Amino acid sequence: MSKNNIVIEPEHAHLKWWGEHHFELNQPKTWQFGSLLFRLTRGLQEWRLEFHRPKVQYDYEQKWHLIEDAHFAFPLPVEVERYMFKATHNKLQLMPRLANRSVVIKPVDPIYIPAGQRGTLYISTPLWIAGFVEGQKDPLFDIPIILPKDTWFGPNHRSGEICYATAVDGRTELHQLKPRSFRAVTPIEFHNISHQQLRFDRMNVPVSALPLFYSESTGRLWTSQIKVLQESVDRPPRIRIENRTPPHAGEVMYVHPPRAPASALFNMFDSFF
């Protein structure tokens, strides 16, 4: 795509891709979010969404821009969704959302928590893009920007749930976690008060039960904090979803409530011992 077709966003705003947009009648607007090509058109009585997702998407593709030529031809295949209204309004909000299922993360290296120790691990999970219009509580559309792979999480093939899988490089220091446009940060605080060292290889993060926030000072989207308390190696750890973000997040703005209420039955670990 030539540089003549794009508008480069200001450097300080390059991570914030969401917000309210005004559309004239029959006006299309076209974006590229990572490798996702995305166009919205307002008609008199309908909104039209077109998007093209390549067969392979890479998580490092985290840049975005508005395409100046709104009629830019997408490669095939193009998915089209139409939403009918008695009359459309001229405003539409593009908003980020957390994934609609739990996300299984696997740290690059196993993580150990010695007996009596506590610490915070910062991880990130992929975002969805949703469109909201006046008078509608639910979004018109709600699609992943980078489509994660499906995975199964549970002790066996009968007991468990379908989740998303994502590669992650969990960090114990926030500044080592690179800000990304299409991922939100979740702080997970571990507290091992048992008498044995613990290790985990995979973690099932219940992102659909987490609220979403934005911190302008850090330029990041955040979820609330999760606390993991291991009292005994004979029992699963106690999991608690906090109603706040950590101090490192700075001042935050509320973006979205959780997609679903937290279940007391969810299990974040299948190999925590």
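The values are calculated or read from the model by the stated rules, or taken from the named source; none is laboratory data. All figures in this text were calculated on a predicted structure; none of them were measured in a lab. Quick reminder, even Gly has a Cβ in these numbers, built from the backbone with ideal geometry, and neighbours come from all protein chains shown.
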Subset of region 107-138 [outside any strand (DSSP E or B) and β-branched (Val, Ile, Thr)]: Val108, Val133
Answer yes if at least one residue in region 227-245 is farther than 16 Å from Asn100 by Cα, within 16 Å of the chain's Cα centre (by Cα), modelled with pLDDT of 85 or more and surrounded by 12 or more Cβ atoms within 10 Å (Cβ to Cβ), and no otherwise. no
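Quick one: is Trp31 under 30 Å from Gly135 (Cβ atoms), in contact with a Leu (Cβ under 7 Å, 6 or more places away or on another chain) and among the aromatic types (Phe, Trp, Tyr)?
Yes, satisfied.
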Positions within region 246-256 being in a strand (DSSP E or B) and loosely packed, with under 13 Cβ neighbours inside 10 Å, in sequence order: Met253, Tyr254
Taking region 100-141 and the residues there that are of a type in the set (A, V, I, L, M) and touching a Gly at 6+ places or on another chain (Cβ under 9 Å), the one that is surrounded by the fewest Cβ atoms within 10 Å (Cβ to Cβ) would be Val108
Which is under 19 Å from the mean Cα position of the chain (by Cα) and farther than 30 Å from Met203 by Cα, of Gln62, Gln93, Gln57? Gln93
Which of the following residues is closer than 27 Å to Lys227 by Cβ and in contact with a Pro (Cβ under 9 Å, 6 or more places away or on another chain): Gly154, Gly131, Gly170? Gly170
Please determine whether any residue of region 65-80 is surrounded by 19 or more Cβ atoms within 10 Å (Cβ to Cβ), out of contact with any Ser or Thr (no Cβ under 7 Å at 6 or more places or on another chain) and not assigned by TED's automatic domain parsing to the domain that holds Asn204. no
Looking at Lys106, Lys55, Lys86, which one is basic (Lys, Arg) and in contact with a strand residue (DSSP E or B) (Cβ under 9 Å, 6 or more places away or on another chain)? Lys106
